[in-house]
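> To start, I am sharing the structure in question, which I have written as structure tokens.
A short reminder: the numbers here are calculations on the coordinates, not readings from a lab. Because the structure is predicted, anything quoted here is derived from the model rather than measured. When we count neighbours, we look across all protein chains shown, and the Cβ atoms used for this are built from the backbone with ideal geometry, even at glycine.
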Amino acid sequence: MNAPFVSPIKELLDDLHARLTDRRDGEVATYIPELGKADPEWLGLAVATLDGTLYEAGDTDVPFTIQSVSKPFVYALALQDRGLEDVLKCVGVEPTGDAFNAVRLEPVSGRPYNPMVNSGAIVTSTLVGGANQEERRGRILSGLSAFAGRALEVDGKVLSSESATGDRNRALAYLMHGAGVLTCPVEDALALYFEQCAALVTTRDLAVMTATLAGGGVNPLTGETVVSVEAAANALTVMATCGTYDYAGEWLVRAGLPAKSGVSGGLIAALPSQLGLGAFSPRLDARGNSVRAVAACEELSTRFGLHLMRPS
Ligand code: GLN
């Protein structure tokens, strides 16, 4: 009797999961106190292809707050609602080579360098469509939900934990308000940004959300057009150059895919027109990227020859 067919993607995810559980280097983020409660052993790996097939290994059902992995999706929503030229007036697209929470803005203009670092993401949250704060809140949560293909909820504990301790982001917001780049009240901008970071997702959601960007803005499970092809492509482009902060250059050399990381341990990577990859494990390296998730994505890219700059 023939052995049942197991997809090579599923095989590699299982193999990576088995091998990476032995890696225990890195630290769980604690500067947002509630994040420190994460189980450091969690490891989830998921791939969603554009035909809607899902491949998963490990803890792909564990909910965690999306944190900075929300940034490219909210950027895509802002591009959809405002258009590239208007968004560029407020947030640049230049890599910084700095940490995610660096207190550094463009000289003279005071504009944040890009939407993948905290300063740029705080401004970007205020640029999504909506006549008032409540409408913008709704737009962000329903937009993230449309990317995931299901209704996402917000983790109230992580939200209050970050609001209570987020002085560095508050300082950034005041600087940008002083420079006239952030035009709404500082606390309104922070409320939007902290809430988007506290949206609860699973590793499976991350794969589907990323496949939606990889598919030009169309969710492969629901068929819904969430953002335009242009908005999705521009979000992926900025992920490629800025998505893993001061590791972005080395990441692109090694994995060759647009990616985005977050402090709860999530990481996404996209192969345009093909698939979205989600990975999650809470221990972070010194640059704030998940140790096991980075290792998993880099190996997956190498083993399947996904590097975008290499001829296939
Ligand atoms: N909410 C977090 C913060 O602003 C997100 C940072 C991250 O995931 N890198 O600090």
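> Please give the per residue volume of the convex hull enclosing the alpha carbon atoms of region 140-254, rounded to a whole number of Å³.
Convex hull of Cα atoms, per residue: 138 Å³.
> Now, a different point. Give me log10 I(q)/I(0) at q = 0.07, 0.09 Å⁻¹ for region 8-304, Debye formula, one equal scatterer per alpha-carbon, no solvent.
The Debye formula, applied to the Cα set alone, gives -0.22, -0.36.
> To make sure I understand the rule: partners must be lysines, Cα under 18 Å from the Cα of Lys260, and not fewer than 8 residues away in the same chain. Which ones qualify?
Lys71
> Measure off 7 Å from each Cα along the Cα-to-Cβ vector at Asp51 and Glu134, then give the distance between these two points in nanometres to one decimal.
Calculated label separation equals 4.6 nm.
> Okay, next question. How many nm separate the modelled label positions at Ala99 and Ala151, each set 7 Å beyond the Cα in the direction of the Cβ?
Distance between label points: 3.9 nm.
> How big is the Cα convex hull of region 197-307 in projection, averaged over all directions, in nm²?
Averaging across all directions leaves 6.4 nm² for the Cα convex hull.
> Could you work out the percent of alpha carbon pairs in region 16-127 separated by over 20 Å, rounded to a whole number?
Counting pairs separated by more than 20 Å, the tail of P(r) holds 58 percent.
> So how far, in whole Å, is the C-alpha centre of region 202-216 from the one of region 103-182?
Cα centroid of region 202-216 versus Cα centroid of region 103-182: 21 Å apart.
> Ordered by packing density, taken as the mean number of other Cβ atoms within 10 Å over each peptide's residues, highest first, how do 274-281, 94-101, 120-127, 242-249 rank? Don't skip to the end; give the middle numbers.
Details: 274-281: 28.2, 94-101: 17.5, 120-127: 26.4, 242-249: 22.5.
Top of the packing list down: 274-281, 120-127, 242-249, 94-101.
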